1. Is the range 190-198 home to any residue that is surrounded by 14 or more Cβ atoms within 10 Å (Cβ to Cβ) and in contact with an Asp or Glu (Cβ under 9 Å, 6 or more places away or on another chain)?
2. Considering only residues that are crowded, with 20+ Cβ neighbours inside 10 Å and out of contact with any Lys or Arg (no Cβ under 9 Å at 6 or more places or on another chain), which ones fall in the range 42-65?
3. State the number of residues belonging to the range 104-122 that are buried (at least 18 other Cβ atoms within 10 Å of the Cβ) and either without any contact (Cβ under 8 Å) to a residue 40 or more places away in the chain or more than 28 Å from MET45 (Cα to Cα) (or both).
4. Here are some residues: ALA349, ALA261. Which one is farther than 30 Å from ARG60 by Cα, in contact (Cβ under 8 Å) with a residue 24 or more places away in the chain and not β-branched (Val, Ile, Thr)?
5. For the range 123-155: of the residues being farther than 19 Å from THR202 by Cβ and in contact with a strand residue (DSSP E or B) (Cβ under 9 Å, 6 or more places away or on another chain), which is surrounded by the fewest Cβ atoms within 10 Å (Cβ to Cβ)?
6. Which residue is modelled with the highest pLDDT, if the candidates are limited to the range 282-334 and must be of a type in the set (Lys, Arg) and either assigned to a loop (DSSP other than H, G, I, E, B) or farther than 24 Å from MET241 by Cβ (or both)?
7. Hey, THR178 hits all of (1) at pLDDT below 95; (2) on the phi > 0 side of the Ramachandran plot but one; which does it fall short on?
8. Which numbered condition trips up ALA311, out of (1) farther than 25 Å from GLY87 by Cβ; (2) touching a Lys or Arg at 6+ places or on another chain (Cβ under 6 Å)?
Amino acid sequence: MADCADPGLMLNDFMEDLRRRAFEEKLPFKGVFELTPRCNFNCGMCYVHLKPEEIPAAGRERTAEEWIELARQARDAGMVELTLTGGEPFVRPDFRQIYEAVCGMGLLTQIFTNGFLLDEETVQWLRRFPPYALRITLYGMCDETYEAVCGVKGGFTRVLQSLTLLRRAHIPTYLVATITRENEAELGAMIRFARGNHFPFTYTSSLVPPVRGASADAKAHEVSLELPPQEEIERLRAENMRYPKKPLTDFLLACRNYRRAFWITWSGQMQLCAFLTEPAVLVCAEPGGFLESWHSLLARLETLRQPEACASCRYERYCDRCPGVLYAECGASDRTCDSFCRKARRTFAIYGP
């Protein structure tokens, strides 16, 4: 009897082939719609959060009709995957209108949310329009930590209820965490919780300065860059599959968005990712507006060059540089700064020869 191929692996191979072809043909395969800078949380390190009264000074939120028309044009230009994020997308009263419309276009749609607003009725609604994936950010393992990080009471209890409802509804859900000084002691508990409940889980301790008018003090919440204990270093080395990387002369090629993905901010700016705010192109929902902006953005991105110092740096193969993070941390994509390079030196100390 012939072996049957794993359908999951076949789908992954198919999607990777589509992404490769999108890169070659410069097609907008994946998009992110940042629907709002508003959020029901008030995290001290958030790079994008604005209060409603702060929004007019920074721009204008796009209407549901504008987002729906942009999604339609992007789909016609080649978009297959769409992520809806914020801020917190569920704070928009018209979020369901936007979500149902893009699902009806046949797009593989995922939602980034903090999970706090997902009550039983909302989860039952999601069952009728299942997302491709739903990502919830986990900020700790108790209500006290959620209050310290997010400024809300009862946060973990509410999110735990949401996760229980999502699991019962068989909605594909994964967890991410942003590790800060306030919750770093609970990282181990987060990992155990995710594994015990069969939620895929990733985390980062990288915090970036605010953009688009936000004013958070990310550095005040950043965890120490001191080396972990030797026992942890040995564990990390045993599990290492990332370093050293291949030498990289064009940092744009390190970006999985380049030539095949885009990010549209809440105020209508099309850019490469969340953090690379220059170059950016204002996109409108008028006929042809999306495609014109896409080609304009590509042309401007192709002029970017990585910092000259990176070519001869001994830590180059242990550096996670990309245009967006360099721009956010150093103020420009073509220069470095000590706070950024310190992370590469730390990575080399852990994984290097």
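1. For the range 190-198, residues surrounded by 14 or more Cβ atoms within 10 Å (Cβ to Cβ) and in contact with an Asp or Glu (Cβ under 9 Å, 6 or more places away or on another chain): absent.
2. Scanning the range 42-65 gives CYS43, CYS46, ARG62.
3. 6
4. Just one listed residue meets the conditions, ALA349.
5. PHE129
6. ARG300
7. The number of the failed condition is (2).
8. Of (1) farther than 25 Å from GLY87 by Cβ; (2) touching a Lys or Arg at 6+ places or on another chain (Cβ under 6 Å), only one is false for ALA311: (2).
The values are calculated or read from the model by the stated rules, or taken from the named source; none is laboratory data. The structure displayed is predicted, hence computed values, not measured ones. Methodologically, a virtual Cβ is constructed for each residue, glycine included, from the backbone with ideal geometry; neighbour enumeration extends over all protein chains shown.
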